[in-house]
Every structure is written in structure tokens, then in C-alpha cells.
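J.: Sharing a structure below in C-alpha cells format, with a few things to ask.
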Amino acid sequence: MILRQAAFQKKIPFLKGGLHCHTTLSDGKGSPEATVRHHAHMGYDFLAITDHRRYNFTNFAPDTGLLILPGMEADRFLDGSGMQVVHAVALGPETGNGYTDGQEVLYERGGLAVDCQDIFDDIRKANNLAVLAHPTWSGNTPSDVLALQGYDMIEIWNTGSELDWGISDRGYHWDVLLSAGRRVWGVASDDGHALQENGFGFVRVAAEKNVASILEALKNGEFYASCGPEIYDFYIEDGWACIHCSPVDQVAVRNFTAPHRVVQKNGITAAQIKIRDCCQDYIRMEVVDEKGRRAWTNPIFL
């Protein structure tokens, strides 16, 4: 029996997309038009412009052919250290969206992380998907991410957090959620503020090039996250986790936060790794290429 992860069941080309970036409409340094053109030049098929507290529908450079996902980043500063926050990316449809183009969405400061449930409730009420953004940079603890409900995805890579602050997550909070039975998908995002901070973290989605198809694929986990490597297939067969990918030097099977199994060898393009008997809930896989760039499958639930 073969259990194939949803992204690889459709057998259609993947679209490359960015789910989190900023422009001069908030605290970004590149204009909206320059940001769209920059992503188009890097081979992106779609992009969400997610400026702080400002919802966007507009394609500022439609001649590029880049598709724009409606979206924004909502946030709240919390009481205490002065730095702890909760940030959420909202991604929504072109029609039937509870937000309007250019709408400001503000939340007053205060409370604890668990008190930010209203952000995710509002996003869902507006018929948007919700992404919990950069939980490690935000100072969110495992108990925080477990207490909050209603988000569809969590950032497991955030370029700004990695390059500007040296703060990594790389799936720790995600595994906490998955191990608790939460079906949340993992995304890689740039959170780029300057143009040169974009292009390092993205998703590849098995969808048609329209907003409705992409949102449905994101909702269903029909995508993988990457900083460069490509993944062509991921499935489980007879107790073995199997992956096909572009050349990488490391392949790992992940379950919970403890080490599971890792294979290291130059130029791996296919690997089969025996799944330990203790795994009862889910399996996901990660690859790392010779440049240290990573890619992550979404999980197969057992």
C-alpha cells in the first residue's frame, strides 16, 4: 500500500509562490510595483503582498503576469517584555472576501499570546486562510502555539528572522503541533522588507494559476516549502518513507522533535528510509543541498 502526500497526488506542475512580503505601504523599502517586478524576475508565479495592518488586492505590475493573492499581516504587541508579539498572515479570495482593498486592520496592544485568538477568529470570519508567522522571532512558546486555534499554516522558515536576527524555527513549533494532533501545514516565507531579502523562502503549490485554486491547495496541504531544493515525490510504502528530489546531500525523516533517521551522501536524488515502529501519528521529510538550502514536505498522517 502506498500513502502519497497530497502535493504529489495531482501530477501537475508546481507553482512557485511567496506568501509574506512588505512594501513601502508599510515598513518595506521597495515600492509595491518594484516588489512585484522583483518576484516576477525571480520566476515566481504568484505573490501575496502582506503589508502590516493593510489588506491588499491590487496587482501593481499586471504586465508581469505575476498573480497576486489578496492578503495582509495582522499583529498585536503583548504585555510583558515589550518585544513579544503575535503576527498572522491572512490570505483570501478575490470574491467573498470579508476584507476590502486597502482596509486597515488594527489591534490594540495588550494581553498574552492566548489573548490573540481574536486575530485568527477575525481572519477566518473574513473567509481567509491564516498563517502563524515567525513564532520563534515573536517569542511564542510551544504552549502559546498550542493555545491558539484556527490557523491553517505555520512559518517553519522566515528569511528575515534567519538572516537579520539569527533566530531559527525550522519546524520545532510545527512538530509540537503535529505531535498534538493538529493538522497544520508548514510554509517557508521571506517576510522581505528590502528587495534583496526576497527569493529565499517560498512554497511550491500543486494548483492552477488562479487565486481560488491556489487557496484550495494551500488549505489542503497540496504544496511543499523550500529555500531552493525541489521535491518531486514523497510517499510511504510498506513502512518506508520515500522521496525523490533534486540533488541534495542530506535527507531526514522527522517525527516529533527528537531525531528520527538521517541519510547523508553527496548528490542524493532518491532515498528510502525505514520508519521506526514508534511512529504512530505522522511522518514528514526534509532535504538539505550542498549550499545548505532546505526543503520540507508537508506530513503524511498515519
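J.: Contact order normalised by length for the chain, with contacts defined as Cα pairs under 8 Å and 6 or more residues apart; what percent is it?
T.: 18 percent.
J.: Can you give the relative contact order of region 56-176 as a percent, counting alpha carbon pairs under 8 Å and 6+ residues apart?
T.: So the answer I get is 23 percent.
J.: Shifting gears a bit: Just to confirm a number: summing +1 for Lys and Arg and -1 for Asp and Glu over residues other than Ala295 whose beta-carbon lies under 14 angstrom from that of Ala295, what do you get?
T.: Charge balance near Ala295 sits at +2.
J.: Here is a further query. Suppose the chain between Arg183 and Gln117 were pulled fully straight at 0.36 nm per residue; how much longer would it get relative to their current alpha carbon spacing?
T.: Length gained, Arg183 through Gln117: 22.0 nm.
J.: Would you mind checking the radius of gyration and Dmax of region 11-226 based on alpha-carbon positions, in Å?
T.: 15.8, 49
J.: Here's another thing I want to ask about it. Hey, which of these cross-link pairs are over 25 Å Cα-Cα: Lys29/Lys125; Lys10/Lys209; Lys11/Lys219; Lys16/Lys291?
T.: Beyond 25 Å: Lys29/Lys125.
J.: Turning to a different aspect of this structure: Length gain on complete extension for the stretch Ile2 to Asn220, per 0.36 nm per residue less the alpha carbon to alpha carbon distance?
T.: Fully extending the segment from Ile2 to Asn220 adds 76.6 nm.
J.: Could you work out the relative contact order of region 154-260, using alpha carbon pairs under 8 angstrom and six or more residues apart, expressed as a whole percent?
T.: Averaging sequence separation for qualifying contacts and normalising by length gives 21 percent for region 154-260.
J.: Okay, next question. Using each residue's phi in region 147-158, evaluate 6.51 cos²θ - 1.76 cosθ + 1.60 at θ = phi - 60° and report the 3J(HN,Hα) Karplus result to the nearest Hz, with x for Gly and Pro.
T.: After applying 6.51 cos²θ - 1.76 cosθ + 1.60, I find 6, 6, 10, x, 9, 8, 9, 9, 6, 9, 9, 9 Hz.
J.: Ok, one more. If the viscosity is 0.692 mPa s and the temperature 37 °C, what Stokes-Einstein diffusion coefficient in µm²/s follows for region 231-301 when Rh is the Kirkwood radius over Cα pairs?
T.: Here the translational diffusion coefficient equals 272 µm²/s.
J.: Further, regarding this structure: In a Gaussian network model over the chain where Cα atoms closer than 10 Å are linked, find which of Tyr151, Tyr55, Tyr172 has the largest mean-square fluctuation.
T.: Tyr172
J.: Less than 9 Å Cβ to Cβ from Phe234, Lys/Arg counted +1 and Asp/Glu -1: what total charge do the surrounding residues give?
T.: +1
J.: Pulled fully out, how much extra length does the chain show between Gln264 and Asp63, if you take 0.36 nm times their separation in residues and subtract their Cα-Cα distance?
T.: 68.0 nm
J.: So what's the back-of-envelope 222 nm ellipticity for the chain, counting only DSSP H runs of four-plus at -39500 (n - 2.57) apiece and dividing by all residues, rounded to 500?
T.: Estimated from H runs of four or more residues: -4000 deg cm²/dmol.
J.: Can you give me the Cα centroid spacing of region 227-251 and region 40-85 in angstrom?
T.: 30
J.: Between the helical axis of 32-41 and the dominant principal axis of the chain, each derived from Cα atoms, what acute angle in degrees is found, rounded to the nearest 10?
T.: For helix 32-41, the angle is close to 20 degrees.
J.: Distance between Cα centroids, region 1-39 to region 147-209: provide it in whole Å.
T.: For region 1-39 versus region 147-209, the Cα centre distance is 12 Å.
J.: Still on this structure, I have one more. Roughly what angle does helix 211-220 make with the longest principal axis of the chain, taking Cα atoms, 0 to 90 degrees, to the nearest 10?
T.: On a 0 to 90 degree scale, this one is about 50.
J.: Between Leu148, Ser168, Leu195, whose Cα lies farthest towards the positive end of the dipole of the chain when Lys and Arg beta carbons carry +1 and Asp and Glu beta carbons carry -1, centred on the Cα centre?
T.: With unit charges placed on the Cβ atoms, the residue in question is Ser168.
J.: Compute the signed sum of charges (Lys and Arg +1, Asp and Glu -1) over the other residues within less than 10 Å, Cβ to Cβ, of Phe256.
T.: With Lys, Arg at +1 and Asp, Glu at -1, the net is -1.
J.: Taking neighbour counts of Cβ atoms within 10 Å as a proxy for exposure, in what order, fewest first, do Leu218, Leu146 appear?
T.: Listing Leu218, Leu146 from fewest to most nearby Cβ atoms yields Leu146, Leu218.
J.: Taking the Cα centre of region 11-226 as origin and charging only Cβ (+1 Lys, Arg; -1 Asp, Glu), how large is the dipole, in debye to the nearest 20?
T.: 500
J.: Taking the radius of gyration and the Kirkwood hydrodynamic radius from Cα positions alone, what is the Rg/Rh ratio for region 145-295, to two decimal places?
T.: 0.95
Computed from the coordinates by the stated procedures, all read-outs in this text should not be read as laboratory data. Nothing here was measured: the structure is a model prediction, and the numbers come from that model. Because the Cβ atoms are built from the backbone with ideal geometry, glycine has one as well, and the counts that use them run over all protein chains shown.
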